[in-house]
Amino acid sequence: MKKLFQQFFIAFLQIMVVICISTTAIQAQDTTRSLNAEQVLYLVKKFHPIVRQTQINIEQSNADILVARSAFDPVLTHQMNAKTFDGTNYYNQITPEIKIPTWYGIEVAAGLEDLSGNRLDPSHTIGQTNYIGISIPLVKNLVIDKRRAALQQSKLLSGMATIEQRAVINDLCIQALEAYWNWVNAFQNYEVVKNNVAISSKRFNFVRNAFRHGERPAIDTIEALTQLQGFEYQQNQQWLAFQNAGLNLSAFLWKSNNEPYELPTAIQPEKGWENEVKIKQFNLELNSLLEIALTTHPHLEMYDFKIDLLDIDKQLKFQDLLPKIDFKYNQLGKGYNMSQTVANGPLFENNYQYGIKMEIPLRLSQGRGDYKKAKLKIEETELDLNQKRWMINLKVKTYHNELVNLRNQIELQSNNYNNCLALVKAEEKRFENGESSLFVINTRENKALEVLEKLIDLKTKYYKTIYALQWSAGLLQ
């Protein structure tokens, strides 16, 4: 008895394991055969090639920063010069040097020189010498120069590439969601007509059997068949619309290996599409959305970066209005011992070399023209920014008004559909009692179908508008 109980218990456990595995497999299959809006957004953000291209742009802009930094890299040079002619050693010169650029346009240089020969410039020093020097722009290029401007602008462009990625994702997501909700709309319309085909088929069979028993005239079978054929025609049309909507949605779906993904016909919108969880978390309050849009919208932030870039260019153009005065000083020393050169004594006392160079265009025509153009470009961009800010403001308000209106329209249309459905059911009861005709039933049924299709259109448009409202505020990122 005990052994029999053990065998029964083991068999029971095996059955439960099989049931659990089957249930898990069925649930997994159901999950893979459905698609919701959030899954579409995830796939677009993760695998769409345009999004990946924006990431490449960010990496390229980071590489540009590295290129701009190269202007501040220390540079080591080494020259060897010699000349011998007709048995005469004119000169032998060896001059290694290192230059270190700094942020404020100042360059520090240090070098060695070994000079010998019989035909040398009297200003040159024979033998081994060394020097430590500095070059300073006193007016022009002291605050900013091309090297610093290029580095600052490359950093701004890197930040701008990140903002541009957000803007691209925001725009791409709303396009994908537009295709998704069109796909949902087509499927729901197909399901409605498919259900009507099933109901009409049952009604046709009922009427045909009633005719065979002499309870209904032959014209009723034709009426029922005509209605059935009309719904079958609509079913084929809606199936075609659903397939094409799936192909349009497939344009936004890509695999992780950069291959396009064609949405299988077996995949359907997730059940309960009218109760999307993510939508309930969205901010739909108008004033809050306007504040968010006008402070963090990627398109507006891009304009901020553009203005900063132009401001750097304006500062650089202003330098052309200043006189160019460069000062250069070298502390000299004998031999290769630079530490002794530094400790030689006060500057401008002994063993030194300096120079001052000044130049300025007398009319400053180019400087004045370039600076004026830079200021006008900033003014033009600020006007574009104001216009863009206003357009975003209007767009947020427009979608919010549309959302409020759609809520009311859906409520009205739902009540209208319920009334039409009640009329159909009432007419069917009258028909069963011999008080009505199939023509009246079909008329009321067609009207109910028309109202239901309009209700589905309103509901899908409502969800489109919710996402469009988030997009208009720059939140689909």
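The values are calculated or read from the model by the stated rules, or taken from the named source; none is laboratory data. Given the structure is predicted, the values throughout are model-derived calculations rather than measurements. Here the Cβ is made from the backbone with ideal geometry for all residues, glycine too, and neighbour counts use every protein chain on show.
The set of residues in segment 420-477 that are closer than 15 Å to V207 by Cβ and touching a residue at least 12 places away in the same chain (Cβ under 8 Å) comprises E427, E428, S437, L438, F439, V440, I441, N442, E445. Out of all the residues in segment 344-351, is one or more surrounded by 13 or more Cβ atoms within 10 Å (Cβ to Cβ) and touching a residue at least 40 places away in the same chain (Cβ under 8 Å)? Within segment 344-351, not a single residue is surrounded by 13 or more Cβ atoms within 10 Å (Cβ to Cβ) and touching a residue at least 40 places away in the same chain (Cβ under 8 Å). Residue check: is F252 touching a residue at least 40 places away in the same chain (Cβ under 8 Å), assigned to a loop (DSSP other than H, G, I, E, B), crowded, with 16+ Cβ neighbours inside 10 Å and under 20 Å from the mean Cα position of the chain (by Cα)? Yes.
Within segment 365-378, not a single residue is at pLDDT below 90 and part of a strand (DSSP E or B). Put simply, of I219, I174 the only residue that is surrounded by fewer than 15 Cβ atoms within 10 Å (Cβ to Cβ) and in a helix (DSSP H, G or I) is I219. Taking the criterion of being basic (K, R) and in a strand (DSSP E or B), would at least one residue in segment 88-105 satisfy it? Checked against the condition, which is being basic (K, R) and in a strand (DSSP E or B), segment 88-105 yields at least one hit. For segment 235-289, the set of residues classified as within 24 Å of E411 (Cβ to Cβ) and touching an Asp or Glu at 6+ places or on another chain (Cβ under 7 Å) consists of K278 only. Of everything in segment 351-368 that is in contact with a strand residue (DSSP E or B) (Cβ under 9 Å, 6 or more places away or on another chain) and of a type outside the set (D, E, K, R), the residue that is farthest from Q128 (Cα to Cα) is I360.
Of all residues in segment 46-66, none that is under 9 Å from S158 (Cβ atoms) has its Cβ atom under 8 Å from the Cβ atom of a residue that is exposed (fewer than 14 other Cβ atoms within 10 Å of the Cβ) and charged (D, E, K, R), 6 or more apart or on another chain. One residue stands out among those in segment 71-107 that are surrounded by 13 or more Cβ atoms within 10 Å (Cβ to Cβ) and among the small types (G, A, S): the one that is farthest from S123 (Cα to Cα), which is A71.
Could you tell me whether N283 is outside any helix (DSSP H, G or I) and over 30 Å from R33 (Cβ atoms)? Yes; evaluated as a whole, the condition is true for this residue.
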